[in-house]
Amino acid sequence: MPRLQDDSPQNLCQYSGKVVLVVNTASYCGFTSQYEGLERIYAKYQDKGFVVLGFPSNDFGQQEPGSSKQIADFCFNTYGVKFPMFAKSTVSGGEANPLFQDLMSQGGSTPRWNFYKYLVDRQGKLVNSYSSMTGPEDSRLTSAIQKALAAAP
């Protein structure tokens, strides 16, 4: 998948063995402030083998119209985002990027709006998906992250 900052290809296998929270993002959404919570949980659990992966998408409400550079600048300058972000892509329907296609097939759930979240265990299996209404620091999500981190690799 191309990296947001410079479109250089990134192999998602580099996250193998980690607990991963995959999130489709948008810069002009009522949920955009979730970037703050996503960055906080990334910082809190990163040393334990956790990573947040952000995938900007213009799929819902045309709320991510910018270029990769505009999105990267916005995320870093407004919310201090340091977790890995990828180039804008489609995350729903038949044109969804391969990662989201796999997550949808594992769980049967498709993103219904921006900031939909998928929690994936260290073996690459979907643990659960969370609606946009579930904030990154919601106890249901953080408990599931802690449980996945505690599980044997």
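The values are calculated or read from the model by the stated rules, or taken from the named source; none is laboratory data. Values in this document were obtained by computation on a predicted structure and should not be read as measured data. Quick reminder, even Gly has a Cβ in these numbers, built from the backbone with ideal geometry, and neighbours come from all protein chains shown.
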Taking the options 57, 68, 105, name whichever one is more than 27 Å from residue 139 (Cβ to Cβ) and crowded, with 18+ Cβ neighbours inside 10 Å. 68
Selection from segment 138-153 of residues at pLDDT 95 or above and over 14 Å from the mean Cα position of the chain (by Cα) yields 138, 139, 140, 142, 143, 144, 146, 147, 148, 149, 150
Identify, please: which residue in segment 2-52 is under 22 Å from residue 126 (Cα atoms) and of a type in the set (S, T, N, Q) and is, among those, surrounded by the most Cβ atoms within 10 Å (Cβ to Cβ)? 25
For residue 51, indicate whether it is assigned to a loop (DSSP other than H, G, I, E, B) and under 30 Å from residue 150 (Cα atoms). no
I'm checking my understanding of the structure. Among residues of segment 62-105 that are of a type in the set (Lys, Arg) and within 11 Å of residue 4 (Cα to Cα), which one is farthest from the chain's Cα centre (by Cα)? 69
When you go through (1) in contact (Cβ under 8 Å) with a residue 40 or more places away in the chain; (2) within 21 Å of residue 32 (Cα to Cα) one by one for residue 110, which number turns out not to apply? (1)
